[in-house]
Amino acid sequence: MAKNKKSAGASPGQAFRAPTGPGVDVDVATISTDGMPIGPQSRDDAEKALVEIGERLAVQQEMLFAQGTAGDPRSVLLVLQGMDTAGKDGVINHVVGLVDPGGVSLVSFKKPTAEELAHDFLWRIERATPQPGRLGVFNRSQYEDVLVVRVHDLVPESVWSTRYAQINDFERRLVDGHTAVVKCFLHVSKSEQTERLLARLDDPTKYWKYNPGDVDERGYWDAYQQAYSAAIGRCNTDAAPWYVIPSDAKWYRNWAVAALLLEAFESLNLTYPDADFDVEVERRRVRDS
């Protein structure tokens with residue numbers, strides 16, 4: 001796809017926000033997978049920028065964690081969705097890995113267990129939301145139940161079609177409960193997916209990452225694009241907006257998600273909590289001990 005023109009002066013949230021507005025339909029097939037609307041335009045520049053973002057992000061996350069220990073109810077949730085090889089694990093390694101893992105709650109949602117299937121589809125999701133002071137990361141999420149479920153007809157349309165509203169209500173409750181939600185669709189082209197799958201087959205150290213089932217899923221590419229378009233279009237709320245991240249260039253994808261995450265943290269206006277003790281008294285006690 002052709003590269004997007006840079007959006008002069010746009011923030012990450014503005015540059016990557018999915019199309020929105022009255023009567024606007026989202027068609028992810030028309031959104032560039034290799035565009036670079038803002039930010040670094042080369043790998044070297046992106047890697048340098050990521051170092052600087054990482055330093056700021058680490059401080060923000062530490063302040064969030066510290067505030068959580070002091071009773072602040074706020075948390076942040078990063079939701080990662082995308083086709084196979086889009087880079088969910090890569091973002092976790094290169095972006096989430098910039099902060100202290102002690103303050104991170106990472107959940108990878110796989111095929112539901114028998115226990116999970118016995119409950120409402122949001123049951124396992126609600127149990128995994130981040131506690132106060134923590135950065136939560138969902139590798140796949142509640143959206144699997146309007147994506148793979150829809151594509152493979154695992155439940156009737158009369159069931160999955162009602163889930164968009166349920167998801168919106170769930171995310172509204174999260175935000176009302178002081179959780180900032182950052183939802184990223186890692187948008188990769190089919191041709192780039194081809195190259196990434198072949199690269200795994202060319203490298204014996206990557207065989208463990210290769211899943212023959214991923215090739216079967218490629219046969220449903222168009223259906224997945226339609227399912228993602230519907231999910232993003234119907235759940236792109238102001239409370240929990242969707243961001244479409246061009247992901248053909250891994251280095252740009254990592255920078256974009258990091259920039260969005262930093263923007264979300266900085267919007268919280270975090271500070272370190274004040275001491276709940278007399279600092280001078282404690283200084284004397286330490287010296288005298």
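The values are calculated or read from the model by the stated rules, or taken from the named source; none is laboratory data. Everything quoted here is computed from the prediction, not taken from an experiment. Using ideal geometry, Cβ is built from the backbone for each residue, glycine included, and neighbour counts are taken over all protein chains shown. Accessible surface areas use protein heavy atoms only, side chains included; no ligands, DNA or RNA. Shrake-Rupley method; radii C 1.70, N 1.55, O 1.52, S 1.80 Å.
To check you understand DSSP bridge types, tell me what percent of the beta bridges within the chain (both residues inside) are antiparallel, rounded to 5.
Rounded to the nearest five, the antiparallel share is 5 percent.
Which angle from 0 to 90°, rounded to the nearest 10, does the C-alpha axis of helix 163-176 make with the longest principal axis of the chain?
The two axes meet at around 10 degrees.
Quick one: what Rg and Dmax do you get for region 35-127 from the alpha carbons, in Å?
Cα-based Rg and Dmax for region 35-127 come out at 16.8, 49 Å.
Just how large is the dipole of the chain about the Cα centre, in debye to the nearest 20, putting +1 at every Lys and Arg Cβ and -1 at every Asp and Glu Cβ?
280
Under a plain spin-label model, where a point goes 7 Å from the Cα along Cα-to-Cβ, how far apart in nm are Arg218 and Glu280?
Placing both labels 7 Å beyond Cα along the Cβ direction yields 7.2 nm.
For the chain, modelled as a GNM with alpha-carbon contacts under 10 angstrom, which of Gly97, Gly87, Gly71 fluctuates the most?
Answer for the Gaussian network model of the chain: Gly71.
Angle, helix 43-69 long axis vs. longest principal axis of the chain, Cα atoms, 0 to 90°, nearest 10?
50
With axes computed from alpha carbons, what is the tilt in degrees of helix 250-266 against the longest principal axis of the chain, rounded to the nearest 10 within 0 to 90?
It works out to around 40 degrees.
Looking at region 238-289, which chymotrypsin sites (Phe, Trp or Tyr not before Pro) are DSSP coil and have at most 12 other C-beta atoms within 10 Å of their C-beta?
Taking region 238-289 and a limit of 12 other Cβ atoms within 10 Å, the loop chymotrypsin sites (Phe, Trp or Tyr not before Pro) found are Phe277.
Can you list residues from other chains, or at least 5 along the same chain, whose modelled amide H is less than 5 Å from the amide H of Trp242?
Correct list: Ala18, Thr237.
Which shape class, rounded, prolate or oblate, goes with region 138-256 when its Cα gyration tensor gives a ≥ b ≥ c as root eigenvalues, a/c under 1.5 marks rounded, and past that a/b bigger than b/c marks prolate? Mind dumping the intermediate values first?
Working: a/c = 2.33, a/b = 1.48, b/c = 1.58.
Oblate, because a/c is 1.5 or more while a/b does not exceed b/c.
Send over a whole-number figure in Å² for the accessible area per residue of region 132-289, probe 1.4 Å.
Heavy-atom accessible area per residue stands at 49 Å².
For region 9-168, rounded, prolate or oblate, judged on the Cα gyration tensor with a ≥ b ≥ c (square roots of eigenvalues), a/c < 1.5 rounded, else prolate if a/b > b/c?
Details: a/c = 1.91, a/b = 1.21, b/c = 1.58.
Judged from the Cα gyration tensor, region 9-168 comes out oblate (a/c at least 1.5, b/c at or above a/b).
Report, in listed order, any pair from Lys48/Lys250; Lys111/Lys209; Lys111/Lys190; Lys190/Lys250; Lys183/Lys209; Lys88/Lys206 with a Cα-Cα distance greater than 21 Å.
Lys111/Lys190; Lys183/Lys209
Within the set of other residues whose C-beta is less than 12 Å from the C-beta of Leu64, count the net charge using Lys and Arg as +1 and Asp and Glu as -1.
-2
How large is log10 I(q)/I(0) at q = 0.11, 0.15 Å⁻¹ when the Debye formula is applied to the Cα atoms of the chain, each weighted equally and without solvent?
-0.68, -1.23
Work out the length of the dipole vector of region 107-229 about its Cα centre, built from +1 on the beta-carbon of each Lys and Arg and -1 on the beta-carbon of each Asp and Glu, and round it to the nearest 20 debye.
380
Kindly write out, for region 211-226 in residue order, the coupling ³J(HN,Hα) from the Karplus curve 6.51 cos²θ - 1.76 cosθ + 1.60 (θ = phi - 60°), rounded to whole Hz, with x marking Gly and Pro.
10, x, x, 4, 5, 4, 5, 4, x, 10, 3, 4, 5, 5, 4, 5
Please calculate how many Å² of accessible area region 12-71 carries per residue, with a 1.4 Å probe and no DNA, RNA or ligand atoms counted.
With the other protein chains kept in place, region 12-71 gives 51 Å² per residue.
By its C-alpha gyration tensor, with a ≥ b ≥ c as the square roots of the eigenvalues, how is region 23-70 shaped: rounded for a/c under 1.5, else prolate for a/b larger than b/c, else oblate?
On the way: a/c = 5.02, a/b = 1.52, b/c = 3.31.
It is oblate, given that a/c is not under 1.5 and a/b is not larger than b/c.
Could you please state how large a percent of the accessible area of the chain is carbon and sulfur, counting protein chains only and using a 1.4 Å probe?
Heavy-atom surface of the chain belonging to carbon and sulfur, 1.4 Å probe: 50 percent.
Any idea which of Tyr164, Val182, Thr194 is furthest toward the positive side of the dipole for region 160-203, if Lys and Arg beta-carbons carry +1 and Asp and Glu beta-carbons -1?
Of the candidates, Tyr164 comes out farthest on the positive side.
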